[in-house]
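The values are calculated or read from the model by the stated rules, or taken from the named source; none is laboratory data. Computed from a predicted structure; not experimentally measured. Reconstructed Cβ throughout: ideal geometry from the backbone, glycine too, with neighbour counts over all protein chains shown. Keep in mind that these areas ignore ligands, DNA and RNA; they rest on the heavy atoms of the full protein, side chains included. Shrake-Rupley method; radii C 1.70, N 1.55, O 1.52, S 1.80 Å.
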Amino acid sequence: MPALKYLTGYPEPLLLQTRKLLDQGKLGAALLSRYPAGAHGVRTDRALYQYVTDLKNTYMRNGDQINKVAFDSKIHVIQHALGQHTYVSRVQGGKLKAKHEIRVATLFKTVPAEFLKMIAVHELAHLKEKDHNRAFYNLCLHMEPQYHQYEFDLRLYLTHLEATREALWNQG
């Protein structure tokens, strides 16, 4: 019986329910019924940049500019990362400038729009809050009120993928 490594820290009743669905082969069907619309339409780095920039402009108008957003095939769930926010500070004249980059695992090319929004919101929140603290999660909830539900469902999907190696949504 494989461990539910993506669900550590969740209450025991949720773990038991997940284990039961997984053992019965019904976890994938449960996720498909919850997200029937299929995969989103953001396929290119340019479209992802526009998507993330639109979110930033809607919720974080005073936030720093994002210089690059891209899907990255080198980010793996194994490294416990689904996305990365990096910044490089440099001195330009008498000012300190920062370049912000957001990289999103290619796994997010073929998931529902809700999962893409969850990871984009997560990485955008790092523009203001570097640590995963209360202020960070409050900012995530400001941008997406269902943030925690989408994160949990994504963890269920990762559990399903690990157990079955079967993607649920195809590129639309």
query = When the accessible area of segment 107-155 is split by element with a 1.4 Å probe, what percent falls to carbon and sulfur?
reply = 47
Residue-normalised accessible area of the chain, given per residue in Å² at a 1.4 Å probe = 58
ask   = Of the residues 15, 107, 139, which exhibits the maximal mean-square fluctuation in a Gaussian network model of the chain defined by a 10 Å Cα contact cut-off?
value = 15
task = With runs of 4+ DSSP H residues as the only contributors, calculate the mean residue ellipticity of the chain at 222 nm using -39,500 (n - 2.57) per run, divided by the residue total and rounded to the nearest 500.
result = -14000 deg cm²/dmol
task = Could you list the residues of segment 37-66 with an amide nitrogen less than 13 Å from a label point located 7 Å from the Cα of residue 128 in the Cα-to-C-beta direction?
result = 56-64
ask   = Where is the GNM fluctuation largest for the chain (alpha-carbon springs, 10 angstrom cutoff): 74, 117, 56?
value = 74
remark   = Quick calc, the chain, dipole around Cα centre from Cβ unit charges on Lys, Arg (+) and Asp, Glu (-), nearest 20 debye, gives 480
request  = Report, in cubic angstrom per residue, the convex hull volume of the C-alpha atoms of the chain.
outcome  = 128
task = Once you've got the Cα coordinates, tell me which of 5/128; 56/99; 26/109; 5/109; 74/99; 99/128 are over 18 Å apart.
result = 5/128; 26/109; 5/109; 74/99
query = What FRET efficiency do you get for residue 61 and residue 37 if R0 is 45 Å and r is their Cβ-Cβ distance, rounded to the nearest 0.05?
reply = 0.95
inquiry  = Among 146, 17, 50, which one shows the highest mean-square fluctuation when the chain is modelled as a Gaussian network with alpha-carbon springs under 10 Å?
reply    = 17
remark   = Two pseudo-spin positions, 7 Å from Cα along C-beta at residue 15 and at residue 101, lie apart in nanometres by 3.8
request  = Could you order 157, 150, 10 by accessible surface area, starting with the largest, using a probe radius of 1.4 Å?
outcome  = 10, 150, 157
